[in-house]
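**Student:** I'd like to ask you about the structure that follows.
No value in this document is a laboratory result; all are computed from the given coordinates. Fair warning: this is a prediction, and the values are worked out from it, not measured in the lab. Ideal geometry is used to build each Cβ from the backbone, glycine not excepted, and the neighbour counts take in all protein chains shown.
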Amino acid sequence: MLTETIEATKIKTSLLTDSFGRVHDYLRISLTDRCNLRCTYCMPSEDMHFALHSTLMTANEIYSIAKTYVKLGVKKIRLTGGEPLVRKDARQIIELLSELPVELTLTTNATQTHDFIEDFKKAGIKSVNVSLDTFDKEKFFSITRRNDFDKVWDNIHQLIDNNFHVKLNVVAMEGVNDDELIDFVKFTKNHPVHVRFIEFMPFPGNDWKREKVFTYLEMLEKIQENFKIEKLYDEQHSTAKKYKVSDYKGTFAFINTVTLPFCGDCNRLRLTADGKMKNCLFSKGEIDLLTPYRNGADIEDLIFKSLMDKKEQTGGQNFSVPTENRSMIAIGG
Ligand code: SAM
Ligand code: SF4
């Protein structure tokens, strides 16, 4: 009986295996393509058309579609966007998804987290990814086109004080915040945060150029010139190469999507706010799940179809030519 249960579980957990043998158990759900910030690397400066509300998944649709993924083996769900917390029913969505047997987490710009601390706790959220690219108020304004540095700064400290595991996402860009690399590492001295330096990725309308990418190797070299660092163990499927400075409370890592893609171990699937499945951040194609769902169709076959279409690396795209994709804000990072 026990053996049968183990075998059944094994089959169930490996259902979302693509044609390269990669098992997918992590789903990122975008709640909205809207945001209260306007980060230059994320939101196109021109031609940004937001989705109509009627085309977005409702809270119940998100729950129900997520439940299908969980049935197929998803064990971790990250809410993202746009800014997930600007959605009026974000609280309800968090509460609904907390009923699923998954690790629930989110990526946020932390402009609103002060209103959600108790909701996160109630939902069992332990870890929160927060975007912060600079310690400089004026630079924050020039990157995000909004004056919210103080709010974000206070909220990061509030999350830490409330014992959330805070990961700070820093998009590392030459000529923008490369001069703050060392300050971010120093920030880990007395703060138990995990800083993640993300190589600037190309998306339509974000004025990406290879010269603007502050590469993982350049960052590592600069940090090694200033600190004695140790390499930490990287868990399976981790996108980040982790390090720390001995005796510092926090850690840091590099996410080198551009110079050294980590697709071989990818376990991630994405669902856009308008209910399209993307099998990769860089996939050109997407499969509509929401319309068939609304028409009463079974969406499992569509999920498998999208999974089997997944390309071996970076959605089949080559960053040396302009990428065909949605903008980052409309995908959900
Ligand atoms: N609004 C939330 C936030 O800013 O954290 C969640 C959505 S945002 C699209 C998710 C993550 O994508 C953020 O950490 C952001 O820094 C990152 N991101 C956006 N555009 C990027 C780009 N071009 N290259 C690298 N990371 C990017
Ligand atoms: Fe908004 Fe996040 Fe994109 Fe900045 S990175 S514009 S905060 S969605």
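**Student:** Going by amide H atoms built from the backbone, whose H comes under 5 Å of the H on residue 168, apart from near neighbours?
**Tutor:** Under 5 Å from the amide H of residue 168 lie the amide H atoms of 130, 194, 195, 196, each far enough along the sequence or on another chain.
**Student:** So which GluC sites (Glu not before Pro) in segment 153-252 are both in a DSSP loop and have at most 11 other Cβ atoms within 10 Å of their Cβ?
**Tutor:** Of the GluC sites (Glu not before Pro), the ones in loops of segment 153-252 whose Cβ has at most 11 other Cβ atoms within 10 Å are 235.
**Student:** Kindly state, to the nearest 0.05, the FRET efficiency for residue 154 paired with residue 304, given R0 = 41 Å and r defined as their beta-carbon distance.
**Tutor:** 0.35
**Student:** Can you spot the lysines whose alpha carbon is less than 26 Å from residue 276's alpha carbon? Ignore those fewer than 8 places along the same chain.
**Tutor:** 12, 67, 71, 75, 76, 88, 284, 305, 310, 311
**Student:** Less than 20 Å apart at the alpha-carbon level, and either on another chain or at least 8 residues along: which aspartates and glutamates does that give for residue 244?
**Tutor:** The reachable aspartates and glutamates, counting only those whose Cα sits under 20 Å from residue 244, are 133, 178, 179, 180, 183, 199, 218, 221, 225, 230, 234, 235.
**Student:** When you count, for each residue, the other Cβ atoms within 10 Å and take the mean per peptide, how do 41-52, 79-90 rank with the highest first?
**Tutor:** Top of the packing list down: 79-90, 41-52.
**Student:** Please state the relative contact order of segment 19-331 as a whole percent: Cα pairs under 8 Å, 6+ residues apart?
**Tutor:** 21
**Student:** So how much slack lies between residue 224 and residue 92, counting 0.36 nm per residue of separation and subtracting their Cα-Cα distance, in nm?
**Tutor:** 43.0 nm is the gain from fully extending residue 224 to residue 92.
**Student:** Applying 1/(1 + (r/R0)^6) with R0 = 25 Å to the Cβ-Cβ distance of residue 99 and residue 297, what FRET efficiency is obtained, to the nearest 0.05?
**Tutor:** 0.55
**Student:** Further, regarding this structure: Report the local net charge at residue 122: Lys and Arg +1, Asp and Glu -1, summed over other residues whose C-beta lies under 15 Å from its C-beta.
**Tutor:** My count for the surroundings of residue 122 gives -2.
**Student:** Note down the magnitude of the dipole of the chain about its Cα centre, charges +1 on Lys and Arg C-beta and -1 on Asp and Glu C-beta and zero elsewhere, to the nearest 20 debye.
**Tutor:** 380
**Student:** Angle between the Cα long axis of helix 2-13 and the longest principal axis of the chain, 0 to 90 degrees, nearest 10?
**Tutor:** Between the helix axis and the principal axis of the chain, the angle is about 70 degrees.
**Student:** May I pose another question? In degrees from 0 to 90, rounded to the nearest 10, what is the angle of the helix 59-71 Cα long axis to the longest principal axis of the chain?
**Tutor:** Relative to the chain, helix 59-71 is tipped by roughly 80 degrees.
**Student:** A follow-up question, please. For the peptides 271-278, 68-75, what is the packing order when you average, over each peptide's residues, the other Cβ atoms within 10 Å and list the highest mean first?
**Tutor:** Listed from highest to lowest mean packing, they are 271-278, 68-75.
**Student:** A further question on this structure: For a quick protection proxy, order the peptides 293-299, 94-100 by their average other-Cβ count within 10 Å, most packed first.
**Tutor:** Highest to lowest by the protection proxy: 94-100, 293-299.
**Student:** Please provide three numbers in whole Å: the alpha-carbon extents of segment 61-154 along the principal axes, with the largest listed first.
**Tutor:** The Cα atoms of segment 61-154 stretch 46, 23, 22 Å along the principal axes, largest first.
**Student:** Taking Cβ-Cβ under 4.7 Å as the only way to count a partner, pick out the unpartnered cysteines of the chain.
**Tutor:** Those would be 35, 263, 266, 280, since no other cysteine Cβ in the chain comes under 4.7 Å of theirs.
**Student:** If you count the DSSP beta bridges with both ends in the chain, what percent of them are antiparallel, to the nearest 5?
**Tutor:** Beta bridges within the chain, antiparallel portion: roughly 25 percent.
**Student:** How much length is gained if the chain between residue 71 and residue 126 is pulled fully straight, taking 0.36 nm per residue apart and subtracting their Cα-Cα distance, in nm to one decimal?
**Tutor:** Using 0.36 nm per residue and subtracting the Cα-Cα distance, I get 17.5 nm.
**Student:** Compute the Cα gyration tensor for the chain, then decide on rounded, prolate or oblate, letting a ≥ b ≥ c be the square roots of its eigenvalues: rounded whenever a/c is under 1.5, prolate when a/b is larger than b/c in the other cases, and oblate in all that remain.
**Tutor:** In terms of gyration-tensor shape, rounded.
**Student:** Quick check for me: using +1 on Lys/Arg Cβ and -1 on Asp/Glu Cβ, what's the dipole size of segment 156-212 about its Cα centre, in debye to the nearest 20?
**Tutor:** Dipole of segment 156-212, to the nearest 20 debye: 220 debye.
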